[in-house]
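Trainee: Please see the structure below; I have some questions.
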Amino acid sequence: MRRKLLRLRPYVIAAFVGTILVVDLSNQWEVPIAQLPNELHDRYVSELKADAKQEELLRLAEAGNSQAQYIYALRHTRYAPPDLQIREDIDIAFKWTQKASENRHPRAMAVLSLYYLRGLGVPKDLNKAKEWANRAADKGQPMGYRMLGDIAMAEADAIKPVKGAPDFKKLQADREAFLKAAYMQFHRGANAGDRHSLREMAKAYEVGQPELPQNYRLAVDYYTRAALRRDGKSIRILTERYESGEKTPKDLQQAYAWRLVLIEIEDNPDDVLKLSQLEKSMALKDVQAGQELAIKLIKGLPSESSDALARLNPSR
């Protein structure tokens, strides 16, 4: 009998560990244990593609597939790849984003927070924005951190301390507390690769914020990281900084390269004119060096289509 029990021990241990893992996964995903097989299929087995036919997407969305709900919503916004956009309709986008969020889709939760914060397709509601941002962040969603940062920033901006007023010190302390919370979340988002958070961290170091002393070098580092993720605003800032020498050493090769990158992603005639003017002030060897650098930068950028498609990934 003892020998039989010893032989069974590995199986008992394996079953015990397996049970713990299943319960833990159920808690993490907020899914009843009985629904775990379906959840695993939707997340890792389903071959649902972003370019699925509209009718198929809608059928799956109505059947409760959270990824289909999220894709169907996104394809009704201007953020969808142009060739995949069904049509821009914020009401439809909100409806299906909400359904996907309620169905535990992490990215949808963050987007729903954005809708409530900005009042897109729904009246503004800071509390609901915060609720969905927290739920997204709890799942490690980078945009969830960004939204918590944006919300804390909005709360800080709503406080207007007036010097000399009896409550000035209290309001100032409250505002600083919200700013600290905002940049804590932006820092988390930046570490997770969220370009909006990277840009916010750059702006913080550029002007100085509570516990983030002014540091132009770090600001440029964050702008560069955001730019390499195809953030047009950061690319433009870098271009102008390097050309003018404001808040960073003047570097016309870098300015020329980033202006070429800007032309590549935005195709603005004003940038073509400014590039031509810049070239006249540069030596040929510096122009060529700038062109070579631009080629490397452009190769490293996500393409427009892959950048748009990345939004369909629940983890991004």
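The values are calculated or read from the model by the stated rules, or taken from the named source; none is laboratory data. All of these numbers come straight from a predicted model, not from anything done at the bench. Cβ atoms come from the backbone with ideal geometry, glycine included; neighbour counts cover every protein chain shown.
Trainee: Consider only pairs whose beta carbons are under 6 Å apart and that are at least six residues apart or on different chains; among these, list those whose first residue lies in the range 244-271 and is farther than 19 Å from A226 by Cβ and touching a residue at least 12 places away in the same chain (Cβ under 8 Å) and whose second residue is of a type in the set (G, A, S) and assigned to a helix (DSSP H, G or I).
Mentor: Qualifying pairs under 6 Å: Q253/A289; Q253/G290; Y256/G290.
Trainee: Right, something else. Which condition does N191 not pass, out of (1) buried (at least 18 other Cβ atoms within 10 Å of the Cβ); (2) under 16 Å from R229 (Cβ atoms); (3) out of contact with any Leu (no Cβ under 9 Å at 6 or more places or on another chain), if it passes all the others?
Mentor: N191 satisfies every listed condition except (1).
Trainee: The conditions are (1) of a type in the set (A, V, I, L, M); (2) surrounded by 16 or more Cβ atoms within 10 Å (Cβ to Cβ); (3) over 15 Å from the mean Cα position of the chain (by Cα), and A177 fails exactly one of them. Which is it?
Mentor: That leaves (2) as the condition not met.
Trainee: Okay, moving on. Here's a check for you: in the range 85-105, which residue that is in a helix (DSSP H, G or I) and in contact with a Gly (Cβ under 7 Å, 6 or more places away or on another chain) is surrounded by the most Cβ atoms within 10 Å (Cβ to Cβ)?
Mentor: Only one residue fits best here, namely A93.
Trainee: Under 6 Å by Cβ, and 6 or more places apart or on different chains, what pairs join a residue from the range 50-73 that is touching a residue at least 12 places away in the same chain (Cβ under 8 Å) and assigned to a helix (DSSP H, G or I) with one that is hydroxyl-bearing (S, T, Y) and crowded, with 22+ Cβ neighbours inside 10 Å?
Mentor: Note: pairs meeting the criteria are L57/Y72; A61/Y72; A73/T97.
Trainee: Additional query: State which residue is modelled with the lowest pLDDT when the search covers only the range 240-288 and only residues that are part of a loop (DSSP other than H, G, I, E, B) and among the charged types (D, E, K, R). Please lay out each step first, then the result.
Mentor: Residues of the range 240-288 that are part of a loop (DSSP other than H, G, I, E, B), as a first pass: 245-251, 267-268, 281-283.
When the remaining residues are screened for being among the charged types (D, E, K, R), the result is 246-247, 250-251, 267.
On the way: E246: 95, K247: 94, K250: 97, D251: 98, D267: 89.
Out of the qualifying residues, it is D267.
Trainee: Can you find, within the range 142-158, the residue that is nearest to the chain's Cα centre (by Cα) among those that are in a helix (DSSP H, G or I) and more than 11 Å from S197 (Cα to Cα)?
Mentor: That would be I151.
Trainee: Going by the conditions given, is K128 touching a helix residue (DSSP H, G or I) at 6+ places or on another chain (Cβ under 9 Å), more than 23 Å from A190 (Cβ to Cβ), among the basic types (K, R) and outside any loop (DSSP other than H, G, I, E, B)?
Mentor: Judged against the criteria, K128 is a match.
Trainee: Going through the range 140-169 one residue at a time, which ones are modelled with pLDDT of 90 or more and among the basic types (K, R)?
Mentor: R146, K160, K169
Trainee: Okay, next question. So which of P82, P166, P123, P161 ends up being closer than 24 Å to A226 by Cβ and outside any helix (DSSP H, G or I)?
Mentor: P82
Trainee: Scan the range 200-211 and tell me whether some residue there is of a type in the set (D, E) and in a loop (DSSP other than H, G, I, E, B).
Mentor: Yes, some residue in the range 200-211 is of a type in the set (D, E) and in a loop (DSSP other than H, G, I, E, B).
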